[in-house]
1. Counting other beta carbons within 10 Å of each residue's own, what order do LEU90, LEU328 fall into, fewest first?
2. Could you order peptides 148-158, 258-268, 1-11, 107-117 by the average number of other Cβ atoms within 10 Å of their residues, highest first?
3. What chymotrypsin sites (Phe, Trp or Tyr not before Pro) does the stretch 315-351 have in DSSP loop regions with at most 14 other beta carbons within 10 Å?
4. Return the loop-located trypsin sites (Lys or Arg not before Pro) in the stretch 368-450 (DSSP other than H, G, I, E, B) with at most 14 other Cβ atoms within 10 Å of their own Cβ; answer none if there are none.
5. Taking H as built 1.01 Å from N, whose amide H comes closer than 5 Å to the amide H of VAL112, not counting residues under 5 places away?
6. Averaging sequence separations of C-alpha pairs under 8 Å and six or more residues apart, then dividing by the length of the chain, give the relative contact order as a whole percent.
7. Across 10 Å bins from the origin, how do the percents of Cα pairs in the chain run, short distances first?
8. Counting only Cα atoms, I'd like the Rg/Rh figure for the stretch 263-333, Kirkwood definition for Rh.
Amino acid sequence: MNPDRMRPLNDREPRSGPVIYWMQRDHRVRDNWALHYAQRRALSAGTPLHVVFILAPRFLGAKVPHYRFMLRGLQQVAEALNELEIGFHLLSGTPEATLPAFCQAIEAGLLVSDFSPLRGCRAWREAVAERIDIPHHEVDAHNVMPPWIASPKREYAARTLRPKLRRILGDWRTPVPAVQRMPSPSTTGSTEVDWGGLVDSLQCEDPGAPIALVEPGERAAYAAMEAFLEDGLSEYDRLRNDPNESGQSGLSPYLHFGHLGPGELVERVLAMGEAGLAVDAFLEEVLVRRELAENFCHYEPHYDRVDAFPDWAKKTLAAHAQDPREYLYTRGQLEAAQTHDPLWNAAQRQLVVTGKIHGYLRMYWAKKILEWTNSPATAMRIAIDFNDGYSFDGRDPNGYAGIAWSIGGVHDRAFAERPIFGKIRYMSVQGSRRKFDVDKYVSSMAQLEPFPFDEGNDD
Ligand SMILES: Cc1cc2nc3c(=O)[nH]c(=O)nc-3n(C[C@H](O)[C@H](O)[C@H](O)COP(=O)(O)OP(=O)(O)OC[C@H]3O[C@@H](n4cnc5c(N)ncnc54)[C@H](O)[C@@H]3O)c2cc1C
């Protein structure tokens with residue numbers, strides 16, 4: 001492993017004792033640098049290896065179906081680890097209370113954790129690192145190149161990050177060695193988890209809970225990757241912007257929950273040989289845009305607020321703050337897809353029922369929230385709450401960057417000035433009509449059931 005993928009989070013003296021890998025974001029056994037690193041340390045010290053997951057209630061607005069999706073993925077991880085004589089423990093509570101106690105109970109010698117640039121996850125890791133008396137090492141298993149290596153600062157746009165990624169990509173293409181069976185079982189074994197009971201205990205549905213369109217877990221994720229590489233990638237540049245086609249990979253829930261690692265995916269695409277338009281277009285998204293979003297959240301503490309917008313965008317939005325809005329909707333009207341615009345309502349319905357919006361329409365969807373609410377701050381809050389609360393791939397740097405791009409010009413440039421938006425890029429239904437068959441999309445979304453707001457909303 002490239003040693004720069006790991007960062008120590010405290011300066012405690014090394015101790016002998018089992019190694020713990022705190023799985024936070026990368027819920028897989030294959031292609032996982034953090035697990036590989038933890039195992040290598042355990043094997044060289046001759047100690048057992050334990051993997052711990054801490055179930056936190058209501059993470060960033062996640063709903064029951066998101067938890068169910070995640071737990072079914074974790075069950076596969078636990079089963080695969082048990083076959084490799086690696087203990088798996090599902091704990092619940094706050095990490096800063098639960099993890100130090102667990103480390104003490106098994107007399108651990110080293111804690112390894114995933115990396116995430118999001119505030120809550122970062123605060124958990126820092127609090128844990130402070131409270132344990134053993135070394136805590138963070139390993140980025142979620143990116144091809146860790147954000148602290150890809151760039152030392154917040155980047156302005158894809159055009160400024162792209163050459164940096166290209167320059168160092170060669171140093172980060174090593175495949176992750178397969179996880180080995182441990183020579184002796186973990187002394188304390190795995191904690192029994194009643195997966196069925198746990199999943200069933202989540203049965204009480206949130207209103208408007210989305211239904212997952214894809215099977216959760218590592219096996220399904222890698223199968224979906226293979227299917228896309230074989231059947232979808234060659235048409236990606238032609239079809240990805242048409243919401244009536246399944247031209248995108250559909251891999252974002254897997255990448256978000258870490259059921260799929262980006263390393264193997266990017267490597268397989270790069271290995272497809274001569275760079276065609278489709279390969280280039282896909283790498284631009286899965287490598288450049290994805291790592292740009294990580295860069296944004298890593299270096300910008302206010303990634304989910306107006307403070308994160310570039311100065312030109314803050315100025316232009318402030319200059320248009322008092323512009324009259326032809327349409328103003330409440331959060332409730334928006335959530336229930338009760339606007340005058342059938343295209344927006346269809347995208348919102350797709351989000352609420354299926355937990356996703358097509359990538360092209362995600363931009364349109366967020367920009368209209370800016371147009372129809374009383375301020376960019378309100379628009380940011382509503383867009384983030386809906387995206388995090390419904391999308392299977394939500395609560396992710398890609399979401400915060402995508403919403404800040406749409407509403408606040410982050411990673412974008414200035415365009416011709418117009419009401420409300422100022423110089424922020426505008427999107428219209430007429431523009432969408434030039435790109436795809438809007439009526440077809442609207443009528444196919446109208447079929448989606450159950451839409452919990454069909455009975456009406458009093459807000
Ligand atoms: C308002 C808005 C909100 C968004 N919210 C999310 C979100 O919550 N989670 C999320 O993963 N993506 C988000 N995106 C980015 C993008 O729309 C999705 O990643 C993509 O549509 C997911 O579908 P896919 O996996 O089929 O993508 P594909 O087109 O097949 O792309 C493959 C992968 O590349 C990455 N990718 C693609 N487009 C982008 C992008 N613009 N920025 C960063 N990475 C990208 C994703 O990891 C994606 O899974 C958002 C974009 C906008 C404009």
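Every read-out reported here was derived from the displayed coordinates using simple, explicitly stated rules and does not represent laboratory data. Treat the numbers as computed from the prediction; the structure is a model and nothing was measured. With ideal geometry, Cβ positions are generated from the backbone for all residues, glycine too; neighbour counts draw on all protein chains shown.
1. Starting with the residue having the fewest Cβ neighbours, the order is LEU328, LEU90.
2. Peptide ranking by packing, descending: 107-117, 258-268, 148-158, 1-11.
3. Taking the stretch 315-351 and a limit of 14 other Cβ atoms within 10 Å, the loop chymotrypsin sites (Phe, Trp or Tyr not before Pro) found are TYR327.
4. Within the stretch 368-450, the qualifying trypsin sites (Lys or Arg not before Pro) (loop, at most 14 other Cβ atoms within 10 Å) are ARG413.
5. Sorted by chain and number, the residues that satisfy this are ILE20, TYR21, TRP22, HIS137.
6. Worked out over the chain, it gives 19 percent.
7. Reading upward from the zero bin: 4, 20, 30, 26, 14, 5, 1.
8. 1.20
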